[in-house]
Amino acid sequence: VEDSRREVIVTILIWSVAVVLPIVRIFLLGPWLRGFTTEDFYYELAYCPVVLIFYFILPGYIVLRREKWSLSDLGLTWRIRSVGSVVFAFIFGILSGLIAYFTGQAVISDDPLSAATVLILLINNDFAEEFFHRGIILSKLERIFGQTKAILAGGILFGLTHMAFDITQLHDSGIIFIIFAFVLQTMLGWLLGIIYIKTRSLWPGVALHFLVNWLPAILVGIFG
């Protein structure tokens, strides 16, 4: 019981980084960086060291060195257990992106992006979040609570980490938008968690996450 309690505390402390960093980015680091550049690529590139340290190096050190995990324990493997889940991830991601494009309801933005910006967003946003939330947080929760409870808790934690971005829309969109966004982000967290558990690889989730977030912007850049 004591070991489980300690692991829960460690997991929450690691997860809290994903709560604090968006707040710092939105209200402190973001305005400061925008004072130097308005180009999305350079803005994201400047944010890369923060992502590298707090989403990769520190949590990775904890589980690889302190807890003796392997890279495959973090989902960093191409040995995928469920091909059907991979196919589903791609189909779901493409359909979600297409629907968002044609309805003008992009998850984040439908502003056209350069290829370099898309690449840096793939690292900063999609791979970083999957490594952090699925490879580390969900994997630790699974060891503590088992798969079902881990997926449920992991999805809620994933939704909560996006609240800082959602709250910035409160003035324009209202509280209903905030609640709706949290529900959708939590459900996406559940879906990504299920895909990760079934495949034991980060890559299908990274692909789905990327398509949901950025396919509308890519299509706008290509077709207008």
Under Karplus coefficients 6.51, -1.76 and 1.60, residue-wise ³J(HN,Hα) of the range 91-100 in Hz, glycine/proline x: 5, 4, x, 5, 5, 4, x, 5, 4, 5
Mind checking the full-extension length gain between Leu152 and Ser4? Use 0.36 nm per residue of separation minus the Cα-Cα distance, one decimal, nm. 51.5 nm
Estimated 222 nm signal from helices in the chain, with DSSP H stretches of n ≥ 4 weighted -39500 (n - 2.57), rounded to 500: -21000 deg cm²/dmol
Enumerate the calculated ³J(HN,Hα) couplings along the range 6-15 in order (Karplus 6.51 cos²θ - 1.76 cosθ + 1.60, θ = phi - 60°), each rounded to whole Hz, writing x wherever the residue is Gly or Pro. 5, 5, 4, 5, 4, 5, 5, 5, 5, 4
Mind ranking 118-128, 27-37, 68-78 by how tightly packed they are, going by the mean number of other C-beta atoms within 10 angstrom, highest first? 118-128, 68-78, 27-37
Under a crude label model (7 Å from the Cα following the beta-carbon direction), how far is Leu170 from Ser114 in nanometres? 3.6 nm
Return the sequence-ordered ³J(HN,Hα) values of the range 74-83 in whole Hz as given by the Karplus equation 6.51 cos²θ - 1.76 cosθ + 1.60 applied to θ = phi - 60°, using x for Gly and Pro. 8, x, 8, 8, 9, 7, 9, 7, 10, 5
Hey, what did the range 159-224 get for relative contact order, percent, Cα under 8 Å, at least 6 apart? 25 percent
Per Stokes-Einstein, at 25 °C and 0.890 mPa s, what whole-number D in µm² s⁻¹ belongs to the chain, with the Kirkwood radius over Cα pairs as the hydrodynamic radius? 135 µm²/s
Accessible solvent surface per residue of the chain, calculated while the other protein chains remain in place, 1.4 angstrom probe, Å²: 54 Å²
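The values are calculated or read from the model by the stated rules, or taken from the named source; none is laboratory data. All values reported here derive from a predicted model rather than from experimental measurement. Note that we place each Cβ from the backbone using ideal geometry, even for glycine, and neighbour counts take in every protein chain shown. We work out accessible area using only protein heavy atoms, side chains counted, and drop any ligands, DNA or RNA first. Shrake-Rupley method; radii C 1.70, N 1.55, O 1.52, S 1.80 Å.
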